[in-house]
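Chemist: Okay, handing you the structure first.
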Amino acid sequence: MRNRHSNGNLRKLEADGGESTEEESCQNGFGDGVILGLDGGATSTVCVCVPFFPYGDRFPEPLPILGRSVAGCTNRNSVGETAARDSLEQVISEALVQSGSDKSDVRGVCLGVSGVNHPSDQEKIENWIREMFPGHVKVYVQNDAIVALASGTMGKLHGCVLIAGTGCIAYGFDEDGREARASGAGPILGDWGSGYGIAAQALTAVIRAHDGRGQQTMLTSTILKALGLSSADELIGWTYADPSWARIAALVPQVVSCAEAGDEISDKILVDAAEDLALSVKAVVQRLGLCGEDGTASFPVVMVEPAIGAALLAMNFLTS
């Protein structure tokens, strides 16, 4: 499938009737204005404020960061619309304050957020952001995997990226702009390579061992100690009191420590997770033919902060 948002064609929305305007000078000294790049995951949201560079093919490396802030989850599927919107407003306001800028200085905002899987998801979040800014500000919303990829390619969408945090997703683009993804459907529909998936399987292993349906595991004592619980029966109440993805995923360090101590169940959970992640990457690479017909072609590897990728995307699309 060809991506209508890729390589210069990302959806650009302005408030109705709004037109782009040039600011003579910004409070922070950058006369061309600023760009906000946001990376919104299931655990936290990062916002960076960077200068706008009007020549899209000449970005400095590294990109100067005028302000950086962190707030809570902006995935509305995980925490609900009210909490997601509140976190979005908080993280944007704090980044602007740090940078010495205000909303009138902003030229564009690009948000990559987990849980954006359909045009209706994009439209909802775009409307939230548009209400926060003057009419001239351009707004771009995409899945967080896309901005993660852009962070390692100076805003150009080509290659494959794997995100494995609270959630997980593999996403890629070929040089013609075709896109493919694997995983990223949330914990109910799989994503067993994610932090949530790993921790959920660990909790299940503890309950199975307690019931006598499964092998005894070091996870029982380790997780109960970490949570301050006295018995596996109490895990049921703890889990359903607040089943948010980030809260469950926070148990991953306990799974890793048990695996390192030789616990077979923990080790199998981690190995299975790694295999699931590898399958996701393989599926994307094969569907896009990123390795070429002979299997020797190369493609970009991402090793930069996703929020920077969001800012780079915004600048590329503003200058294209």
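The values are calculated or read from the model by the stated rules, or taken from the named source; none is laboratory data. What you see is a predicted model, and the numbers here were worked out from it, not measured in a lab. Note that we place each Cβ from the backbone using ideal geometry, even for glycine, and neighbour counts take in every protein chain shown. Each accessible area value is taken on the protein alone, full model and side chains, heavy atoms only, with ligands, DNA and RNA left out. Shrake-Rupley method; radii C 1.70, N 1.55, O 1.52, S 1.80 Å.
Chemist: Relative contact order for the chain: what is it in percent, counting Cα pairs under 8 Å that are at least 6 residues apart?
Modeler: Values: 669 pairs, mean separation 74.2, N = 320.
Reported relative contact order: 23 percent.
Chemist: In the chain, what percentage of the DSSP-assigned beta bridges are antiparallel, given to the nearest 5?
Modeler: Working: 25 of 37 bridges.
Looking only at bridges with both residues in the chain, the antiparallel portion is about 70 percent.
Chemist: To make sure I understand the rule: partners must be lysines, Cα under 28 Å from the Cα of LYS124, and not fewer than 8 residues away in the same chain. Which ones qualify?
Modeler: Output for LYS124: LYS12, LYS103, LYS138, LYS156.
Chemist: Can you give the accessible area per residue of the range 162-320, in Å², using a 1.4 Å probe?
Modeler: On the way: 7770 Å² over 159 residues.
Solvent-accessible surface per residue comes out at 49 Å².
Chemist: Shifting gears a bit: At 222 nm, what value in deg cm²/dmol follows for the chain if DSSP H runs of at least 4 each add -39500 (n - 2.57) and the sum is divided by all its residues, to the nearest 500?
Modeler: Taking each H run of at least 4 residues, the total per residue is -12500 deg cm²/dmol.
Chemist: For the chain, which DSSP H helices look membrane-span-like by this rule: Cα extent along the axis of 30 Å or more and mean Kyte-Doolittle of at least -1.0?
Modeler: Details: long enough: 264-288 (36 Å, 0.53).
Flagged H segments are 264-288.
Chemist: Show me the ranking of peptides 61-67, 122-128 by mean Cβ neighbours inside 10 Å, starting with the highest. It would help to have the intermediate numbers written out before the result.
Modeler: Numbers: 61-67: 15.1, 122-128: 17.7.
Descending mean neighbour count gives 122-128, 61-67.
Chemist: Based on the alpha carbons, how large is the Rg to Rh ratio for the range 125-212 when Rh follows Kirkwood?
Modeler: Numbers: Rg = 18.0 Å, Rh = 15.5 Å.
For the range 125-212, the value is 1.16.
Chemist: Rounded to a whole number, what is D in µm²/s for the chain from Stokes-Einstein with the Kirkwood radius over alpha-carbon pairs (25 °C, 0.890 mPa s)?
Modeler: Numbers: Rh = 20.8 Å.
Roughly 118 µm²/s, to the nearest whole number.
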